[in-house]
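Notes follow once the structure below has been shown.
The values are calculated or read from the model by the stated rules, or taken from the named source; none is laboratory data. Small disclaimer: the values here were computed from a predicted structure and weren't measured. Neighbour counts run over all protein chains shown; Cβ positions are idealised from the backbone, glycine included. The accessibility values were calculated without ligands, DNA or RNA, using every heavy atom of the protein model including side chains. Shrake-Rupley method; radii C 1.70, N 1.55, O 1.52, S 1.80 Å.
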Amino acid sequence: MMKIAVLTGAGVSAESGIKTFRDSDGLWEGHDVMEVASPEGFQRNPAAVLDFYNQRRRQLLTVQPNAAHIALAELEKKHDVTIITQNVDDLHERAGSTNIIHLHGELLKVRSTFDEDLILDWKKDLNIGDFCEYNHQLRPHIVWFGEMVPMIEVAADIVEQADAIIIVGTSMQVYPAAGLVQYAKLDAQIYFVDPQPSISENRRITVVAENASTGVPKVVELLK
């Protein structure tokens, strides 16, 4: 049984119908990301930020895991698999994966603005006036720009111990997540699934130039 670390990004969920984080013009569905994904934006206009995430949450509840999510869940039957995802959806969980680290938070959770460790499951709209038990406003449980990524050290430890690493649906350009590969053991085999790969194949790296839904099942077959 191998230890396998899987690094996933927006490209995995895109094929389920979840829109990628931002387009080439730097906007996130017409919004300046700093207005909807920063503490300053939330302070300036909390209602607009809550509405933005309410729309994302509603959409998430209408989509399903795709073949990539399902194949990664299947891999757990043979190996010790940990998924380290930049995605805030729950599609890995719904597909059946059980060891998941969400680097950037979770859309179906909210937390207190008073106590960041007070986290609640949340599937409905979040509105102004929805308070925690300490009478403070709740906010999306999302890591915004300028905030610490609390799980990054845990993720680095997982990568450091992995015998194989699968990278899928992410260009690995966004830090600190992009720096995780640097923790890989020298003899760890790396599988990179991307329709337009930014890295070349070599003795250590196997590139599968396909979308997640077709490329990931192929990698899983190789590792079974």
Check your understanding: Within the set of pairs 6 or more residues apart or between chains, which connect a residue that is surrounded by 20 or more Cβ atoms within 10 Å (Cβ to Cβ) inside segment 202-218 to a residue that is at pLDDT 95 or above and hydroxyl-bearing (Ser, Thr, Tyr) with Cβ atoms less than 7 Å apart?
Key -> VAL208/TYR191
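When you look at HIS136, is it open to solvent by 30 Å² or more (accessible area, probe 1.4 Å) and in contact with an Asp or Glu (Cβ under 6 Å, 6 or more places away or on another chain), yes or no? Show your work before the answer.
Values: open to solvent by 30 Å² or more (accessible area, probe 1.4 Å): yes; in contact with an Asp or Glu (Cβ under 6 Å, 6 or more places away or on another chain): no.
No: the conditions fail for HIS136.
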Review point. THR62 fails exactly one of the following numbered conditions: (1) surrounded by fewer than 22 Cβ atoms within 10 Å (Cβ to Cβ); (2) hydroxyl-bearing (Ser, Thr, Tyr); (3) touching a strand residue (DSSP E or B) at 6+ places or on another chain (Cβ under 8 Å). What is the number of that condition?
Key: (3)
Practice item. Report whether or not LEU118 is open to solvent by less than 10 Å² (accessible area, probe 1.4 Å) and either farther than 25 Å from PRO65 by Cβ or not assigned by the TED database to the domain that holds SER200 (or both). Key: no
Check your understanding: With respect to ILE83, is the statement that it is β-branched (Val, Ile, Thr) and part of a strand (DSSP E or B) true?
Key -> yes
Review point. Is segment 170-179 home to any residue that is surrounded by 20 or more Cβ atoms within 10 Å (Cβ to Cβ) and in contact (Cβ under 8 Å) with a residue 60 or more places away in the chain?
Key: yes
Revision key, fill the gap. In segment 20-56, anything at pLDDT 75 or above and either hydroxyl-bearing (Ser, Thr, Tyr) or part of a loop (DSSP other than H, G, I, E, B) (or both) is listed as ALA37, SER38, ASN45, TYR53
